[in-house]
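A.B. asks: First the structure, then my questions, so here it is.
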Ligand code: ADP
Ligand code: ZN
Ligand code: ZN
């Protein structure tokens, strides 16, 4: 018997190996195998049975071992990864790697022990006997160690058979990065100060205000039922530093306690009680019926569920998933990473409890491996997670939901395969005779067009869900503030024009909440010398450095590589001292707000304030608990639902609008609509949205102002059709990267020339320096391919042929092929 094995190499082919007698039962499709390749031993995956050995005219090498009892890759995923490899023009081995849990690309470790059972038949088995003798001599050991001592020819399959006879015990773990428990420091009163009056006594004794504040904060937590809060929470509430806490610990008044952090807090929260069932609205019921009809007859179908935030989409996902589970089938829920909050997960857990496995990017390898294994063994039947969850190892799939299907974060870039999770979801559902639901308030133009063409079925939820008294929250009023006009009227001094300032002021006074979007972090994006125009740039990237303020100091930072520099006092070019800060980042808006509404609690949410694992979640919780203003980058546009938000302000609606990317206006429209949807979610409090712009007549703003998705789609689609851009065509890019600019350019030119030869009806544009020409000392060039019509075939053919002709780029240089590019810059 032979098998075809795909190796994790940039080679687009499978290799045939002979299966030795001892491994025949174990060598199933999808299982990992150890095979000799050139002078190495590699781990590959069996993708199917090979031709009979006699028919081959070369000497077939033998598989050394089969590494899995249960194949890591299901048959369905083998087939899907083949499609991914073909469609996104990447080697099958790379696509397969994407479905393996992080832990399995590291070697798994098998720990062996001899049991008390008599060796029975194994006494006569030559290798078996040697293994038993070795175990008797060495006690608990690993298979790798046994192989080292006894010789390499100890297949795992043999050990498994011995384990089945109970003569050895096997435990499989990850060899690398075993999950070490993570701890956090908590704080409590020392035993002598735990009685009720101790805090008051301490406060009397202590001189320092900060120390008193810490004691007071800790007593406060205790009174709230948390006698051992996190140290950082106490510091924050007391506005005190660690040194204050330390001095109290040194005085013997407080104690530090290390506590283990839960492995996956999203998973480990107890499942809440299921909410009472409510009747679906007619539109929800119609949508659900359409979906369950398809599920009932095991028919593939993709449904585009178009409904504004709060229209009851999630409710439909849940009911559809219930229908699928009732039929014993499994499901996948995809959400954008940032929307994967405990609140989202808890909502599903209320209905499905422990059937859910959560996958997210901040999990460590052990956590991910555990979640993966629960899905693979069928212990969990529902995967919920960001884009990679579309590759979850589920069998008998009934439903895939892609929430916020228009999100750009569904496209993978590095490492390959550069797949679009929405499109893979549709393809996976198709192959599994399952149903796919794409949900959005602002569907991508691709999906809207696919619905018009009849490839998807369109379902509408036209209204927000009304409250118990039957009232429906109205859509918020949207006001556009023309910044040029505001300046003329002397109503603009800083980033916030007077009408926006007043609106914020009113909300703070009334105890209502405000969300402010500024899609740029830091203080000021650019510094510029007034005299000569010099602006500081990163050493390694061709971008200007952003001014950041922190702890009273200032620093210049590169947002691409993290490089940091001091702020120059004078211009290094001309010696001038007038260095101006240009543009506005979230920090600068925050500083302005502190002046405009000094009494307000302001929370800033951007990448700088959410670096820690729960930073994002903690900020949302604090906002929910009543802070006045949530200010941030596009992160704030998604996720939670806040009932007291009556004002949404967009500080600069033009950020991103003028990028030379054909999706720029679609993205802007989506972001503005999304953030506007955060206002006025309750029926009692009307919402208002204020957009500040220098392009008040831009179509993206006009339609966002009118809440007019159809109008936007009509106009944008007409333009796309004329230019042959998606959905009326396909684009692909090839990015060339490397340390030496000339060599990158030459590489790009050679490739592009060949692409032109193979392009057929496709257009090839470039190569050109990328929009940001240099990142982390790597020069970047780009070539764009474009073809009209429904099939990306000509692009794929040109890319495949060129890649095969070129082979791997020189060491240190990279060629990234990206089909259906989301970011053409
Ligand atoms: P979306 O996912 O479109 O934002 P949700 O499904 O979250 O909308 O619904 C918005 C709110 O309305 C949620 O609090 C949800 O529990 C509630 N809801 C949804 N459908 C109904 C219904 N048929 N009856 C009563 N409440 C509903
Ligand atoms: Zn200068
Ligand atoms: Zn940089």
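A.B. asks: Over the range 592-646, what portion of Cα pair distances is larger than 12 Å, expressed as a whole percent?
C.D. replies: 66 percent
A.B. asks: Taking Cα atoms, how many degrees apart are the long axis of helix 126-138 and the longest axis of the chain, rounded to 10 and kept between 0 and 90?
C.D. replies: 50 degrees
A.B. asks: Over the alpha-carbon set of the range 379-418, divide Rg by the Kirkwood Rh and report the Rg/Rh ratio to two decimals.
C.D. replies: Details: Rg = 11.5 Å, Rh = 11.7 Å.
So for the range 379-418, dividing Rg by the Kirkwood Rh gives 0.99.
A.B. asks: Let me ask something additional. For the chain, what relative contact order do you get, as a whole percent, if you take Cα pairs closer than 8 Å and at least 6 residues apart?
C.D. replies: Averaging sequence separation for qualifying contacts and normalising by length gives 10 percent for the chain.
A.B. asks: Turning to a different aspect of this structure: Which value, in Å³ per residue, describes the convex hull spanned by the Cα atoms of the range 754-825?
C.D. replies: With only Cα atoms used, the range 754-825 gives 88 Å³ per residue.
A.B. asks: Another question, then. Given 10 °C and 1.306 mPa s, compute D for the range 566-714 with the Stokes-Einstein relation, Rh being the Kirkwood radius over Cα pairs; round to the nearest whole µm²/s.
C.D. replies: For the chosen part, D equals 91 µm²/s.
A.B. asks: Can you put 538, 529 in order of Cβ neighbours within 10 angstrom, beginning with the fewest? Each step should come with its number before you reach the end.
C.D. replies: On the way: 538 24, 529 21.
By the 10 Å Cβ count, ascending: 529, 538.
A.B. asks: On to the next question. Listing 374, 588 from the residue with the fewest other Cβ atoms within 10 Å to the one with the most, what is the order? Provide the component values of the computation, followed by the final result.
C.D. replies: Details: 374 19, 588 22.
Result, fewest neighbours first: 374, 588.
A.B. asks: Let me ask something additional. Given N residues in the chain, what is Rg(Cα) / (2.2 N^0.38 Å)?
C.D. replies: 1.07
A.B. asks: Take every Cα-Cα pair in the range 223-348 and report what % of them are more than 26 Å apart.
C.D. replies: Details: 3775 of 7875 pairs.
Within the range 223-348, distances greater than 26 Å cover 48 percent of Cα pairs.
A.B. asks: Could I ask something else about it? Cβ neighbours within 10 Å, averaged per peptide: list 112-120, 364-372, 574-582 in order, most packed at the top.
C.D. replies: Result, highest mean Cβ count within 10 Å first: 364-372, 112-120, 574-582.
A.B. asks: Rank these for me by crowding, 440, 469, 542, going from fewest to most other beta carbons within 10 Å.
C.D. replies: The order, fewest Cβ neighbours first, is 469, 542, 440.
A.B. asks: How far, in degrees from 0 to 90, does helix 75-87 lean away from the longest principal axis of the Cα atoms of the chain, to the nearest 10?
C.D. replies: 60 degrees
A.B. asks: Could you work out the per residue convex hull volume over the alpha carbons of the range 312-458, in cubic angstrom?
C.D. replies: 114 Å³
A.B. asks: Along its three principal axes, how long is the range 306-363 when you only count alpha carbons? Whole Å, largest extent first please.
C.D. replies: Cα extents, longest axis first: 32, 30, 17 Å.
A.B. asks: For the chain, what is the calculated [θ] at 222 nm in deg cm²/dmol (nearest 500), taking -39500 (n - 2.57) for each run of four or more DSSP H residues and dividing by its residue count?
C.D. replies: -10000 deg cm²/dmol
A.B. asks: While we're looking at this one, here's another question. Please report, to one decimal in angstroms, the Kirkwood hydrodynamic radius of the range 455-547 built from all distinct Cα-Cα pairs. Don't skip to the end; give the middle numbers.
C.D. replies: Working: mean 1/r = 0.0539 Å⁻¹.
Here the Kirkwood hydrodynamic radius works out to 18.5 Å.
A.B. asks: Using only the Cα atoms of the range 539-611, what are the Rg and Dmax in Å?
C.D. replies: 14.4, 43
A.B. asks: Related question: Relative to the longest principal axis of the chain, what angle (0 to 90°, nearest 10) does the C-alpha long axis of helix 793-806 take?
C.D. replies: 60 degrees
Read-outs throughout are calculated quantities, based only on the coordinates presented, and are distinct from any laboratory measurement. Only a predicted model underlies this, so the values are computations on that prediction, with no experimental measurement involved. Positions of Cβ are generated from backbone atoms using ideal geometry, with glycine treated the same way; all protein chains shown enter the neighbour counts.
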